[in-house]
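Colleague: Sharing a structure below in C-alpha cells format, with a few things to ask.
The numbers here are math on the coordinates, done by the rules we state, and not lab data. Everything numeric in this text was worked out from a predicted model, so none of it was measured. Quick reminder, even Gly has a Cβ in these numbers, built from the backbone with ideal geometry, and neighbours come from all protein chains shown.
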Ligand code: SF4
Ligand code: SF4
Ligand SMILES: [Zn+2]
C-alpha cells in the first residue's frame, strides 16, 4: 500500500496513530478495510460523509463545505490534545501535494533517537521511549517511561481517545 493511502480524508496521518502502531490487532488505517479498525473510525461521520463521495480527491479540502463543523471539531481536539492540526494538514496537501506532505511528515515525526515514526497520541516514542516533543502534555503524560529507552506497550497505560 502506498504510504499516502495512510492519510485519511480528514487529514489524519494514520501511521501516527496508536491503533496503527500497535502490534496486536493493528488497524491498517482509515482507507483500508479491516476488522481491527477502531469502531468510531469505522462509523466516522467524515469518512462516510456523502459530500466526500462527491469529491475527486477524496479529501475534505475539495468539499464546498470545508471546513465544516465536524472537521473543525476534530481539528480543535487534536490541536489541543496532540499538537496536530487536521485543517493545516489538508491545506498543505492541497497547496503542496501529497508527496511533499509525506516528506514533511517524515521529517516532522521521526524519532531523533531511533528513527521510528512517533505516535501522535503518546508523549514518548513507542519504540525507544524517547520524548515526543510534539506532544503538548509530554511532561505530564500518563505514559511517561520510568527508564529512558524502555519500550512502551500502548495499552499498558491509559488509552488515548483516537
Ligand atoms: S484507528 Fe482511525 S485514525 Fe487510527 S489508524 Fe485506524 S482509521 Fe486511522
Ligand atoms: S468537509 Fe465536506 S466532505 Fe468533509 S466531512 Fe465536512 S461536509 Fe463532509
Ligand atoms: Zn524512538
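Colleague: Going 7 Å from the Cα of residue 69 along its beta-carbon direction, which residues of region 30-60 have the amide nitrogen within less than 18 Å of the resulting point?
Modeller: 44-52
Colleague: Using 0.36 nm times the number of residues separating residue 35 and residue 104, minus their current alpha carbon distance, what extension gain do you get?
Modeller: 21.8 nm
Colleague: Same structure, new question: Given 0.36 nm per residue, what is the gain on full extension from residue 3 to residue 53 after removing their alpha carbon distance, in nm?
Modeller: Values: separation 50, 0.36 × 50 = 18.00 nm, distance 2.14 nm.
Once the chain is fully extended between residue 3 and residue 53, it gains 15.9 nm.
Colleague: Taking one equal scatterer on every alpha-carbon of region 1-147, how large is log10 of I(q)/I(0) by Debye at q = 0.10, 0.11, 0.13, 0.16 1/Å?
Modeller: Reported log10 I(q)/I(0), two decimals: -0.34, -0.42, -0.59, -0.90.
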